Structures are given as structure tokens and as C-alpha cells.
1. Given the conditions (1) within 16 Å of the ligand (Cβ to nearest atom); (2) touching a Gly at 6+ places or on another chain (Cβ under 8 Å), and given that residue 205 satisfies all but one, which numbered condition is not satisfied?
2. What's the number of the only condition in (1) surrounded by 15 or more Cβ atoms within 10 Å (Cβ to Cβ); (2) in a helix (DSSP H, G or I) that residue 37 fails to meet?
3. I'd like the full set of residues that are in a strand (DSSP E or B) and either touching a residue at least 60 places away in the same chain (Cβ under 8 Å) or under 17 Å from residue 304 (Cα atoms) (or both), limited to region 112-140.
4. For residue 149, only one of the following conditions fails: (1) closer than 17 Å to residue 108 by Cβ; (2) within 16 Å of the ligand (Cβ to nearest atom). What is its number?
5. Restricting to region 164-176, and then to whatever is more than 9 Å from the ligand (Cβ to nearest atom) and within 21 Å of residue 304 (Cβ to Cβ), can you tell me which residue is surrounded by the most Cβ atoms within 10 Å (Cβ to Cβ)?
6. If I filter region 177-185 for residues that are exposed (fewer than 14 other Cβ atoms within 10 Å of the Cβ) and either in contact (Cβ under 8 Å) with a residue 60 or more places away in the chain or among the hydroxyl-bearing types (Ser, Thr, Tyr) (or both), do I get at least one hit?
7. May I ask you to say which residue of 107, 125 is within 15 Å of the chain's Cα centre (by Cα) and within 16 Å of the ligand (Cβ to nearest atom)?
8. Give the residue that is modelled with the highest pLDDT, with candidates limited to residues of region 59-103 that are among the hydroxyl-bearing types (Ser, Thr, Tyr) and in a helix (DSSP H, G or I).
Amino acid sequence: MPTLLKRLQRVTPQQLRAFESTARLRSVTRAAQELHVSQPTVSIQLREIALAVGEPLFETVGRQLRLTQAGEAMQDAANEITGCWQRFETRMAEVHGLLRGRLRIAAVTTAEYFVPDLLGPFAAAHPGVDIELTVENRDRVVDRLQRSRDDLSVMMLPPDELPLDTFPFLDNPLVVIAAADHPLAGKRLTLSRLAKARWLMREPGSGTRMAAEQHFARVGFEPHIAMSLGSNEAIKHAVSAGLGLAVVSRLAVADIVDTPSPARGPQLVQLKVSGFPIRRQWLLVWRRDQPMSAAAKRFVSYLRESRPSRASLAH
Ligand code: PGA
């Protein structure tokens, strides 16, 4: 004989509905009318549910139908099950409410290489959500956070002075890149071997620059900064043209090669420098002191569920 739980799990929604109506209306005839089925149908459903429970759920006293003790317990359970579906219905309404939602995301410039790949499946699953993506360097994204301009931000170094919640969702190794024909390419190096090298840095206000400077300061290395450039693309072009070395996010360079081939034009290699890659993470960031929009909540859970990896993104 299957256990009570196993038998209850076979109770169908129709049987439960027949029971719930009958218990509430205290009449099989009225329950049948309410459910638009015949009276024998309701009687069969009630018999099956009583069989599952293993004892009668109703008794007739005089001409009145009453719940037995087991019937009362079943009525509570049926109400709970109905409540559970109603809560689910509310949640679904919220989900569909997204159809008219707007999601404003600010991403630091380096995140532009993968944020569109994260947004793609989300946008496809929520066609009614208008997504506004702003791409700025770290300083400007922090400024927007201060003024609560966005629902969510993507960055690696959130500011300490704001009340923020963060969710780390992807690792962000920062690597040293050089032109593919660099004489030190392929060799194991310490930073001190690169003391005379020319370094190309991102502009002040860039998070990549900040992370590189923090690392250099921690290990007591003073780079010779030959140039500041305002974007990752400008850095990559300048490095591949042999103007110097740079620290960039591995996600910003799709085109790093292991074995340079001169026939393929300017290329980049990753130098094997001890202490690198600098291990950082990409964080989804939002203001803890501001209400979160339904669209933003949905995006956070989407990211929690999808757990993106570097391999799953374009670069
Ligand atoms: P950025 O991005 O260098 O493009 O500002 C890095 C960051 O702030 O996370």
C-alpha cells in the first residue's frame, strides 16, 4: 500500500476542486452546478479523494453534509494549495508586468565587450523591457550611481562611500599585453624586468587604470608611463604598433595570440609577468537605499541563474 503522501500526490486538481466546492457549499448538487459538471462526476471525484486519504471526508447528519475531522484537515490543505497557486499567479503577473518595464544599466567601458552578450538572452526573453545601456568609464559610472541615474551598474571597483549591494558574476583577470614581436614575449618575467619599458595607461578615471596602479603600488613598482589613452581599443592599437605595454582586462582582448604570425599584421601577446593576471571580478552593483524596479530584480535573478562564464561570452 503506497504511503499517504504518495497517494495524496496522485490527487488531481479536478478532484481537489470538487472537494473544495463541496466543502464550501456543503452540497454535491451545488458543487456540480458551480463546476459545470454532472453530479455523479463530483461524487466520483469525492470518492477518489477519500480513497487517497483512506477515510471519509464527509458525513451526513440528518440531511446535512458535514466535514469529518479528516475533511477539515483536507479543507485546510486545499486552501493552502489554492493560496500557493494564487501567490504564483501574483508572481507571474509581476513577471508579465515587466513587459512595460525599463531597465537602465550603466557599464564601465571595459564591460562593453561582454555586457551585450549578457543582455541578449534577457532581452529576447522579455521583449517588452526597454533596455538602456550607458557605457562610461568608472568615474562617470560612479557619478551616475551617486545620482541614482541607473537601475544597475556593471563594474569591478565599486566605491566604498555609497550604500551598495553587489553581486559578483564573472572573473576579470587583468593581463599585461605587448606587441606580438616584443622581445620578451613568451619569457617568464618579473615586473622589475619591465622597469625601463614604456607603459600605456588608460585615462585617469578608468577602473582598469586604478586597478593597475593599486597593484603597482602594492608591489612597489613605478612604471614609466609614456602615454594615457582614452579607450581599450586605442590602447590595443598603440600596443600592437609597438608603442609600449599595457594592463588590460583579458575580456577586452579577443585577439591575443600564442604564436605570432607576421603575415597576419599587428597582433598582441600576453606577457608572462609574475603577479599577473591581477585577479578581479565583475560585479553587478545597485543602490541599497533605493527601491529596485521589477525589471532590475528580474535581471539580477537572471544573472544569478545563468552564471555566465568567460567561455560562454564572446571573448
Ligand atoms: P574602465 O573599467 O577601465 O573601463 O573604467 C573598469 C572598471 O571600472 O571596472
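The values are calculated or read from the model by the stated rules, or taken from the named source; none is laboratory data. Keep in mind that what you see is a predicted model, and the values were worked out from it rather than measured. For neighbour counting, all protein chains shown are included, and Cβ atoms are generated from backbone atoms with ideal geometry for every residue, glycine included.
1. (2)
2. Every condition holds for residue 37 apart from (2).
3. Initially, region 112-140 is screened for residues in a strand (DSSP E or B), giving 130-136.
Once the filter is applied, which keeps residues that are in a strand (DSSP E or B) and either touching a residue at least 60 places away in the same chain (Cβ under 8 Å) or under 17 Å from residue 304 (Cα atoms) (or both), region 112-140 yields nothing.
4. (2)
5. 170
6. Of the residues in region 177-185, the ones exposed (fewer than 14 other Cβ atoms within 10 Å of the Cβ) are 181, 183.
Those left that are additionally either in contact (Cβ under 8 Å) with a residue 60 or more places away in the chain or among the hydroxyl-bearing types (Ser, Thr, Tyr) (or both): 181.
Yes.
7. On the way: 125 fails: within 16 Å of the ligand (Cβ to nearest atom).
The match here is 107.
8. Going through region 59-103, the residues among the hydroxyl-bearing types (Ser, Thr, Tyr) turn out to be 60, 68, 82, 90.
Then drop every residue that is not in a helix (DSSP H, G or I), which leaves 82, 90.
On the way: 82: 80, 90: 60.
Result: 82.
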